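Contents: one structure, followed by commentary.
Computed from the coordinates by the stated procedures, all read-outs in this text should not be read as laboratory data. Note that this is a predicted model, so its numbers are computed, not measured. As a convention, Cβ positions derive from the backbone with ideal geometry for all residues, glycine included, and neighbour counts pool all protein chains shown.
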Amino acid sequence: MPCSALHDHGAVSYDAGMIVDWTPLRELLAAKQHFLITSHVRPDADAIGSEVGLAAVLQQAGKTTRIINASPMPPHLAFLDPDHEVLHLGTSATADQILQADVHVVVDTSSWLQLSDVGKVLRESSVPRVVIDHHVSADDLRAIELKDPQREATGALICDFAEAAGLPITAKAATALFAAIATDTGWFRFAATTGETLRVAGQLVDRGAQPHRVYRELYEQSSLARVRLAGRILSRVTLDCENRLAYTWVPWSDFEELGALSSDTEDLVNEGLKIAGTLAAFIAIEQQNRQVKVSFRSRTEVDVAEIAERFGGGGHKQAAGATLSGPLAAAVQQALSAMKSALESRA
């Protein structure tokens, strides 16, 4: 069964967004053997799920794969990689291993900045480069671009490729790709969720994904440090723009004091949108190097990808991010000013 929904027995057809022409990747699949897969720094479930899912699909075609990221595996996502295939450049992988590949595949980002140290290595290589992504924002990565900004997750695009290539999806791949799609749709509650999304998710369940297990691993395995960090972050939530904007911030000292990880802040920005009357939110997270990662969210016409791009970041219209220079207080004020201007211009 393909990963897209079936159209037999008189089923009504539907539009899943732009149609990606997978021919270039299929041709590389026929001609090349060793594929290097990578994604953005601080990888989320869509990044890790897409990497693991794509690797499993390519392995079904008899290909050799290696996954190397610029950031280590977030502990709460390790269950998506039961065979420990995801390596970290500088600790468990080397630049030479990246350069040994016949093809480089970048998933879930089109940004040199987001590729960090892996991107620096990729720039040195002349082997074919492929980008599989659903984000609007993009740099010129000198790659074959297989993108559809209308798709809800990069994981969904990996499903499309598996169908186009006629390759089966294993239970491991199904779990990884289900997690990718479920998280990037807010467990199917975001506006990007369509009937096609649910049909694809259902087929991944048929292939072995277990939603209850995926949810438990993602959201019911928190450390005490994460719970305490969340409480501290939420205690700082501030409203602005006549209560239409909610924002909060996290100094690096919180991580040190509580023993929490940077990945423990994942999804906390969405808590601001749970406040009645809010239309947008952001969270500013100080990193160990004192740069500040800012995650923007919107549920109105405010295009936060546009805002993130001003700071060298990017993303989707309603979910985007960027890294600002410190100090933290100055970064918060920059993000606040940009969000206020955007909201007030649409008042």
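Of all the options 88, 212, 135, the one that moves most in a Gaussian network model of the chain with Cα springs shorter than 10 angstrom is 212.
Annotation: extensible slack from residue 19 through residue 253 equals 79.6 nm (criterion: 0.36 nm per residue apart, minus Cα-Cα distance).
For the pair residue 219 and residue 78, a Förster radius of 25 Å applied to the C-beta separation gives a FRET efficiency near 0.95, rounded to the nearest 0.05. Taking every DSSP beta bridge with both residues inside the range 23-218, roughly what % is antiparallel (nearest 5)? Antiparallel bridges make up about 0 percent of those DSSP assigns within the range 23-218. Across the range 23-218, C-alpha contacts under 8 Å between residues 6 or more apart give a mean separation that, scaled by the residue count, equals a relative contact order of 24 percent.
Straight-line cross-link partners of residue 63 among the lysines, defined as a Cα under 23 Å from its Cα and at least 8 positions apart when in the same chain: 32, 147, 172.
Sequence neighbours fewer than 8 away in the same chain don't count; with that in mind, list the aspartates and glutamates whose C-alpha is under 13 Å from residue 340. Result set, ordered by chain and number: 240, 242, 303. With a simple spin-label model that places each label point 7 Å from the Cα along the Cα-to-Cβ direction, the separation between residue 88 and residue 267 comes to 2.2 nm. For the range 225-345, the ratio of Cα radius of gyration to the globular rule of thumb 2.2 N^0.38 Å stands at 0.97.
Per the Kirkwood definition applied to all pairs of different Cα atoms, how many angstroms is the hydrodynamic radius of the range 60-172?
Working: mean 1/r = 0.0658 Å⁻¹.
Kirkwood hydrodynamic radius for the range 60-172: 15.2 Å.
With contacts taken as Cα pairs under 8 Å at a separation of at least 6 residues, the chain carries a relative contact order of 14 percent. With contributions of -39500 (n - 2.57) from each DSSP H run of at least four residues, the per-residue ellipticity at 222 nm computed over the chain stands at -11500 deg cm²/dmol. With K and R counted +1 and D and E -1, the other residues having a Cβ less than 12 Å from that of residue 31 yield a net charge of +1.
If the elastic network links every pair of Cα atoms under 10 Å, which of 56, 260, 179 fluctuates the most in the Gaussian network model of the chain? Greatest mean-square fluctuation among the candidates belongs to 260. Applying 0.36 nm per residue to the separation of residue 138 and residue 276 and subtracting their alpha-carbon distance, the gain on full extension is 46.3 nm.
Taking 0.36 nm per residue of separation and subtracting the Cα-Cα distance, what length does fully extending residue 242 through residue 329 add? Show your work: numbers first, answer last.
Details: separation 87, 0.36 × 87 = 31.32 nm, distance 2.16 nm.
Full extension from residue 242 to residue 329 adds 29.2 nm.
Compute the signed sum of charges (Lys and Arg +1, Asp and Glu -1) over the other residues within less than 12 Å, Cβ to Cβ, of residue 264. After counting each charged neighbour, the total is +1. Helix 154-165 and the long axis of the chain differ in direction by around 10°, with both axes built from C-alpha atoms.
In the chain, the DSSP beta bridges split such that about 40 percent are antiparallel, to the nearest 5. Stokes-Einstein diffusion for the chain at 25 °C, viscosity 0.890 mPa s, with a Kirkwood radius from C-alpha pairs, works out to 119 µm²/s. Using R0 = 45 Å, the C-beta based FRET efficiency linking residue 287 and residue 127 works out to 0.90.
Net charge in the neighbourhood of residue 110 (other residues with Cβ under 10 Å of its Cβ; Lys, Arg +1, Asp, Glu -1) is -4. Once backbone amide H atoms are built at 1.01 Å from N, residue 67 has 37, 87 as its partners under 5 Å, excluding neighbours fewer than 5 places away on the same chain. Contact order for the range 225-345, expressed relative to its length and based on alpha carbon pairs under 8 Å spaced 6+ residues apart, stands at 20 percent.
Of the DSSP beta bridges with both residues in the range 228-334, give the percent that are antiparallel, rounding to the nearest 5. Mind showing how you got there, number by number?
Numbers: 18 of 24 bridges.
For the range 228-334, the DSSP antiparallel bridge percentage is about 75.
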